[in-house]
Every structure is written in C-alpha cells, then in structure tokens.
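Worksheet: one structure, shown below.
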Amino acid sequence: ARVTRRAAVKYPKDAEQWFIEPPSVAEQVFASVDLGGSVIYDPSCGIGTTLNVARKRKFITFGTDIVDRPGRHERHGFRRANFLKLTSFPFDPGDRGVSIFCNPPYGKIGDVDNMGEAFVVHALDHFRERCEHMAFILPIEFMAGQDRYFDIYEKREPAFALICNQRPSMPPGRKVEELGAKAFKGAMGDYCVLVWAREPAPCRTIFMRPTAANRPPLIERRIR
C-alpha cells in the first residue's frame, strides 16, 4: 500500500489509476466558467460523476473509458474506448457544440509515463479546434515545469486556470464502490482545472468558491 496523491489514507495502487472526484468539483467548474455547447464529453468517465453533474445542468452527455464500469448511469451515451487512440468524436454531434471535461488518469500506465499529460496533449492535438472548451482536473503542479512550458503552454496556453480552493478528496474507485460516501475523506492534494478554448486567449485565473458547508471551524483551520 502507499499514500496516493489523491487521498491522505493508504490505498493499494490501482493499475488503471481510477480515482473518483466528488461532484462538487464539477459543480464549482460549471458555476465558474460557461463551457458553451450542448454536449459534454468525458473521455475517462469512470462511473459518470462529471456527466451526472452536467446532465443536471441540461447538457447532452457522452463518455468513453477503457472499462465499462458498473454504476455508470445509463442515461449517458457511452462507448468503451482508449481516448489516446481516438482522433475524432466517438459519437455524431451534428451541429451541436461539444466541450470535453474530465478527470484523467495520472502517472505511469503501461508504456505511458505521464498519463495526465498524455490526455491533455492528445486533446490539444486532435480535438481543440472541434471543441468549445476542454477542461481537465489536474494536480496544481501541472501549471509549472520547464518542459511542460515548451511542450504545451508556449504554443497552447489555457484560457482559464481554475483553482480548487476546496481540496477534493479523490479515493480509488474501488474504495468508493466498497465504502460509498465514507471513502471521500482526508483530502491532502491541491488541484486545479485547466480549461482550453477553441480560440487562443490570455489565461485568466479564477479561485473557485468552496462549498460553504465544508468550511472547517476556525479552531481547526491551519495557519501557514
């Protein structure tokens, strides 16, 4: 077992890097930025957490994943697929606008050393001109790095950097299946949501408003 980057408790390593973010992340993103379009496509949809929030906001929803996981809500369109091998939408959007919004797997999987970065680069290479926006939930340190600057940001700067001021707990999906809501505890990682737009624009930083009910009592707040 090891301490994952996504939770403060020890969990076994997950071969597919399947972690689940709380719905509050997607809710805060939708409250902060108008993603435009009428279709939200999640290329690593898991059990459909982000798509569920999007559906409540009247978006048409579609997801792909390398695994068709039990619990994915059937009202979302779905196709089993490896996003890194797709070069076009796995559905016909017609004349509807599409935005990508996902929590990609991170770390090394198979022969891919940095799966989160691979998702972002692949989306920028093949989908940017077809999407209204593309939003990725990422560790906040993804915003830094000399190689990443030259590989991504110099040519394709995001339109928004949304800061997750409310730290999200991201337990492994199998723990959520086992424990339900009790698995979401002990958040220790800092995250952001980087959003690319079809048209280049100077990056705007937004500090997303936390859920007020989750604010700890004053005595429990850490002073830095």
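The values are calculated or read from the model by the stated rules, or taken from the named source; none is laboratory data. Not measured: the values here are computed from a predicted model. With ideal geometry, Cβ positions are generated from the backbone for all residues, glycine too; neighbour counts draw on all protein chains shown. We work out accessible area using only protein heavy atoms, side chains counted, and drop any ligands, DNA or RNA first. Shrake-Rupley method; radii C 1.70, N 1.55, O 1.52, S 1.80 Å.
In this structure, is VAL39 under 21 Å from THR211 (Cβ atoms) and at pLDDT 95 or above? Quick ask: steps written out before the conclusion?
Values: under 21 Å from THR211 (Cβ atoms): no; at pLDDT 95 or above: yes.
Taking the combined requirement at face value, the residue does not satisfy it.
Confirm whether PHE119 is under 23 Å from CYS164 (Cα atoms), touching a strand residue (DSSP E or B) at 6+ places or on another chain (Cβ under 9 Å) and among the aromatic types (Phe, Trp, Tyr).
Numbers: under 23 Å from CYS164 (Cα atoms): yes; touching a strand residue (DSSP E or B) at 6+ places or on another chain (Cβ under 9 Å): yes; among the aromatic types (Phe, Trp, Tyr): yes.
The answer is yes for PHE119.
Note down all Cβ pairs under 6 Å where the first residue falls in the range 158-187 and is under 30 Å from LEU124 (Cβ atoms), the second is open to solvent by 70 Å² or more (accessible area, probe 1.4 Å) and among the hydrophobic types (A, V, I, L, M, F, W, C), and they're at least six residues apart or on different chains.
So the pair list comes out as ILE163/PHE207; ASN165/PHE207.
Tell me which residues, restricted to the range 27-58, are part of a loop (DSSP other than H, G, I, E, B) and open to solvent by less than 30 Å² (accessible area, probe 1.4 Å).
VAL33, LEU35, GLY36, PRO43, SER44, CYS45, GLY46, GLY48
Filter the range 145-170 for residues that are open to solvent by 60 Å² or more (accessible area, probe 1.4 Å), of a type outside the set (S, T, N, Q) and more than 15 Å from the chain's Cα centre (by Cα) and give the result.
Here is the first cut: in the range 145-170, the ones open to solvent by 60 Å² or more (accessible area, probe 1.4 Å) are 146-147, 149-151, 154-155, 157, 165, 167.
Restricting the remaining residues to those that are of a type outside the set (S, T, N, Q) gives 147, 149-151, 154-155, 157, 167.
Matches in the range 145-170: ASP147, TYR149, PHE150, ASP151, GLU154, LYS155, GLU157.
Those residues that are touching a Phe, Trp or Tyr at 6+ places or on another chain (Cβ under 9 Å), farther than 21 Å from HIS126 by Cα and not hydrophobic (A, V, I, L, M, F, W, C), I need them from the range 57-76; list them, please.
Within the range 57-76, ARG57, ASP68, ARG69, ARG72, HIS76 meet the criteria.
Could you list, in sequence order, the residues of the range 13-50 that are of a type in the set (A, V, I, L, M), within 13 Å of VAL98 (Cα to Cα) and in contact with a His (Cβ under 9 Å, 6 or more places away or on another chain)?
The one that is of a type in the set (A, V, I, L, M), within 13 Å of VAL98 (Cα to Cα) and in contact with a His (Cβ under 9 Å, 6 or more places away or on another chain): LEU35.
What number of residues within the range 121-156 satisfy the criterion of being of a type in the set (Val, Ile, Thr), part of a helix (DSSP H, G or I) and under 28 Å from ASP95 (Cα atoms)?
So the count comes out to 1.
So, ASP111, is that one exposed (fewer than 13 other Cβ atoms within 10 Å of the Cβ), modelled with pLDDT under 95 and of a type in the set (D, E, K, R) or not?
yes
Which of the residues spanning the range 90-106 are open to solvent by less than 30 Å² (accessible area, probe 1.4 Å), part of a loop (DSSP other than H, G, I, E, B) and out of contact with any Asp or Glu (no Cβ under 7 Å at 6 or more places or on another chain)?
Those that are open to solvent by less than 30 Å² (accessible area, probe 1.4 Å), part of a loop (DSSP other than H, G, I, E, B) and out of contact with any Asp or Glu (no Cβ under 7 Å at 6 or more places or on another chain): PRO90, PRO93, PRO104, TYR106.
Restricting to the range 65-89, give me the number of residues that are surrounded by 15 or more Cβ atoms within 10 Å (Cβ to Cβ), touching a Gly at 6+ places or on another chain (Cβ under 9 Å) and either outside any loop (DSSP other than H, G, I, E, B) or without any contact (Cβ under 8 Å) to a residue 60 or more places away in the chain (or both).
Here the count works out to 6.
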